[in-house]
Amino acid sequence: MTDSLNPQISRRKFLYATGATAAAGLIAACAPAASSVAPSGGAPSAAPASSPPPPSPSTPPSAVKLTFDSNTGPNAERYKPAVDLWNASQANSFVTLNLPSPDDNAYKANFPQIAASSDKPDLAWYWVGGGGRHASMAKNGLLEPLDDLYASEGWDKAYPQQTLDLYRSPDGHYYAVPDTFVFHTPIYYDKALFAKHGIEAPAMPTPWHKTVEEFYAMCDKIRAAGLDTLSIGGKDAWPLAIMKDDLTQRLVPSEVQVDYVAAAVAGGVPKYKFSDPRFIAGQQAFVDYGKKKVFADGTLGRAFADAQAYFATGKAAMLSDGSWAAGSGSLPKLAPNMDIGWFMHPQLDPTIAPKILTYAGNALMVMADGKNTEAAKEFLKFLVSKEQQDMVASLGVLIPARTDVDVEAFKKGNTPLMVDMFSALNTVGTFGPWGDYGPAEPVQLDYTHSQKLLDGSITPAASAAELDAACDKIRAGE
Amino acid sequence: MTAKGLEPTRVRGGRWSPRTLTRSVVASARRSMVPYLFMAPALALMAVFVLYPLFRSIQLSLYSWDGLGEPVFIGVRNFQRLAVDPQFSLTLRHTIAFTVGAALGTVVIGLVLAVAIASRVRGWRVFKITWFIPVMVSMTVTGVLWSQLLASGDTPINSILGLFGVSDPPDWLGNADTTLPVIILVTIWQFSGFPMIIFLAAMENIPRELEESAVIEGASLWQRTRSLTIPLIKPVIAIVVLLQIIFSLKVFDIVWAMTQGGPGDSSLVLGVYLYRQGFMFERFGYASAIAVVMAALIIVFTLGYLRFVRPASYEY
């Protein structure tokens, strides 16, 4: 082989070249991000059409650099234009939106560890609840108290009392502020498909079947038409657990339902237990749903996103999902030509009217002991300001948590389906779930039991006994 | 040690001087240091990424810790709880079933494929590449892909089964009875290419004369495989079986991607149980105890296997 084909390189030259490459790599790695959004793992990056024009991506040299973590999906769509607007209007503060995980479950599980690390963000979106994780973070001093902002910004008057009660920690402080809220579990259906097969869905002002038998009869009719019934992401378990809460509300007086939250709090003194026959009846109603083939075939093997697709492609006639599915980026995008209607789960007890389960735990929080705590609080004030909440209302993605938002802007910016469901909240009434706000163990048990109840590997009574045992241990401080 | 105490050694040329002596000692030390210097980067990496986490796991297994606050020392209580935890014993049974099924399946199918390819069946080149491609694919990707293929409804798998008259196929991943076997089958599909390649390499080392003599003697392919090939590659088979068992005992990704251990606990294996306990139930001490038990199981099994199987090598 000739030298031209096999060039020799001296050790010195090799070391120079390696050193230069390493230095270039180091410089590249340390370079500031070119964009204010740092997505990871395939997070959605496109801003909605209504977002303001993108600002200059460069960071002002003297600006405080803030990092803001959120999950992906509708929240990313909501925060990207807000961050861009902030960066365009501020000379002294520059926010980078991080989306650390493409998957909600992973974000929920991993964020507390991020918050406890030296690499924590300045502020973040997270659940107040999250299977007890928010309470753990607050208890361990990872979150900044926001009491001063609640007073100075009038937040203590801008949110419903029920939400304020939920956000006040046992130590009396507020460690988070509500940003948006969702409600569960409307049953979405394809109006054209129902009409084609002569199936009638209940509508406002009482959008539910008066008896469960009527609901079963409707499901039978759907199956007889060659369609699959109610699509739901059973593989992820939590959609099942939330639906179970919905059914329990229809059998359990509200004071009992509220009491279940106290059952799972250290030092809590609940009046009722999960082995209360009314709670077990709620579990049984869920089991009966399975036996009567209310759920689509293959429910336990279908993930949350797959369940949406199963409905959007016309394979299932109904979908059980949260209010976010009615947002412009969700079902209307998946099935643009489908005219979607909604109704609620049936009444199970003639004395208890169905209500809509609302979840107000979508929150913003500032990390404690950060370098930029005050700057982070300024950005937080901006995010939950009346103007920003009005912007959320007009985005058509999520429902703002403040009660003083511009309802007209909400109606204008949202899909008719979302507006219709939103207007039902006041008419029908709402209630809160017992799950999610509780500690990790009973909440996770409840999730797993939802699957086990459907595949028959646990009975409603055994499930209730296990929940009681877990809560007893927590109350005893074990 | 004093200079006087140093016993000068005779150096080349027969001169004795402290300088040459020092040089000699330094050179000797350098020579003996060189192997350690080469090993140092690997040892440092091992210390940081293997030994320290292992030590931390053992340490954490003795604490109760929610991952955020101060860990509380509780001695061996996590292990005592594990011993009576019915979910742990269920998980252990699932893990053993998965390990036996996946290790046996991958090795047997890998061996069959290797024999077929080595005997140059028609299309052997295509087989060789096709069966090895899944090994290179991420387990998570495989899990997601097969979840879609095995979903309920008009999926490719169910459509193919429909051609054979199966009109009502089971809900593969939503049924507690079928979930674990299905995951084992997918694992076999993905990893049987690995033993195949190793066995093929081992078969290439068998002298051709042995094979030719057997053919001249009139031995069939089955007889040659059973009496010649398998005995000669037995040491390789033993090592591949061990590796497959270790991989299977540690399984997490494919189970998480396909079922998350569900429905309920029907496909819960040790790796997933550990994750659930740590990141979902916020019991990092208990999760560490599971990790320690897993590591102990693998170490004890490996030592026992190596002691009893004694994979020897052959000289041709």
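The values are calculated or read from the model by the stated rules, or taken from the named source; none is laboratory data. Nothing here was measured: the structure is a model prediction, and the numbers come from that model. Reconstructed Cβ throughout: ideal geometry from the backbone, glycine too, with neighbour counts over all protein chains shown.
Just a few scattered comments:
- Whichever residue in the range B:270-285 is at pLDDT 90 or above and hydrophobic (A, V, I, L, M, F, W, C) and, among such residues, is surrounded by the most Cβ atoms within 10 Å (Cβ to Cβ): B:270
- For residue B:146: the one exception among (1) buried (at least 16 other Cβ atoms within 10 Å of the Cβ); (2) over 30 Å from residue A:226 (Cβ atoms); (3) in contact (Cβ under 8 Å) with a residue 40 or more places away in the chain; (4) among the hydrophobic types (A, V, I, L, M, F, W, C): (2)
- Check on residue A:226, over 27 Å from residue B:262 (Cβ atoms) and within 14 Å of another protein chain (Cβ to nearest Cβ): yes
- Members of the range B:64-101 that are touching a Ser or Thr at 6+ places or on another chain (Cβ under 6 Å), of a type in the set (Ser, Thr, Tyr) and within 13 Å of chain A (Cβ to nearest Cβ): none
- Residue within the range B:21-37 that is aliphatic (A, V, I, L, M), out of contact with any Ser or Thr (no Cβ under 8 Å at 6 or more places or on another chain) and at pLDDT 95 or above present: no
- For the range A:419-474, the candidate set comprises residues that are among the aromatic types (Phe, Trp, Tyr) and within 17 Å of residue A:185 (Cα to Cα); within that set, the residue that is surrounded by the most Cβ atoms within 10 Å (Cβ to Cβ) is A:434.
- The set of residues in the range B:249-278 being in a helix (DSSP H, G or I), of a type outside the set (Val, Ile, Thr) and under 21 Å from the mean Cα position of the chain (by Cα) consists of B:249, B:253, B:256, B:257, B:258, B:270, B:271, B:273, B:274, B:275.
- Qualifying residue in the range A:228-243 (condition: of a type in the set (Phe, Trp, Tyr) and at pLDDT 90 or above): no
- The sole residue among A:337, A:362 that is polar (S, T, N, Q) and assigned to a strand (DSSP E or B) is A:362.
- First in the range A:113-134 and within 22 Å of residue A:237 (Cβ to Cβ) and within 11 Å of chain B (Cβ to nearest Cβ), second anywhere and β-branched (Val, Ile, Thr) and in a helix (DSSP H, G or I), Cβ under 7 Å, 6 or more apart: A:131/A:443; A:132/A:443
- Residues that are closer than 27 Å to residue B:53 by Cα and modelled with pLDDT under 90, drawn from the range B:286-313: B:306
- When residue A:279 is tested against (1) in a strand (DSSP E or B); (2) more than 14 Å from chain B (Cβ to nearest Cβ), just one condition goes unmet, and that condition is (1).
- Condition met for residue A:293 (part of a helix (DSSP H, G or I) and either within 14 Å of another protein chain (Cβ to nearest Cβ) or more than 21 Å from residue A:352 (Cβ to Cβ) (or both)): no
- Within the range A:99-125, tally of residues that are modelled with pLDDT under 95, within 18 Å of the chain's Cα centre (by Cα) and outside any loop (DSSP other than H, G, I, E, B): 10
- Taking the range B:115-200 as the region of interest, the helices (runs of 4 or more DSSP H) fully inside it that hold 3 or more residues being closer than 30 Å to residue A:452 by Cα are B:139-149, B:156-163, B:179-191.
Here is a yes/no grid of residues against (1) touching a helix residue (DSSP H, G or I) at 6+ places or on another chain (Cβ under 6 Å); (2) away from chain B (no Cβ under 14 Å); (3) within 30 Å of residue A:225 (Cα to Cα):
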site	(1), (2), (3)
A:143	yes, no, no
A:155	no, yes, no
A:165	no, yes, no
A:202	no, yes, yes
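- Hits in the range A:58-71 (condition: part of a loop (DSSP other than H, G, I, E, B) and either charged (D, E, K, R) or at pLDDT 90 or above (or both)): A:70, A:71
- Considering residues of the range B:137-182 that are at the interface with chain A (Cβ under 10 Å from one of its Cβ atoms) and hydrophobic (A, V, I, L, M, F, W, C) only, the residue farthest from residue A:307 (Cα to Cα): B:182
- When restricted to residues that are out of contact with any strand residue (DSSP E or B) (no Cβ under 6 Å at 6 or more places or on another chain), within 14 Å of another protein chain (Cβ to nearest Cβ) and surrounded by fewer than 24 Cβ atoms within 10 Å (Cβ to Cβ), the range A:298-332 contains 9.
Conditions tested, residue by residue: (1) within 27 Å of residue A:242 (Cβ to Cβ); (2) touching a Lys or Arg at 6+ places or on another chain (Cβ under 7 Å); (3) in the same structural domain as residue A:233 (by TED's automatic domain parsing).
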site	(1), (2), (3)
A:102	yes, no, no
A:116	no, no, no
A:120	no, no, no
A:125	yes, no, no
A:137	yes, no, no
A:153	no, yes, no
A:159	yes, yes, no
A:162	yes, no, no
A:166	yes, no, no
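- Subset of the range A:437-462 that is part of a helix (DSSP H, G or I) and more than 25 Å from the chain's Cα centre (by Cα) - its residue that is modelled with the lowest pLDDT: A:455
- Count of residues meeting criterion [crowded, with 23+ Cβ neighbours inside 10 Å and among the small types (Gly, Ala, Ser)] in the range B:249-261: 1
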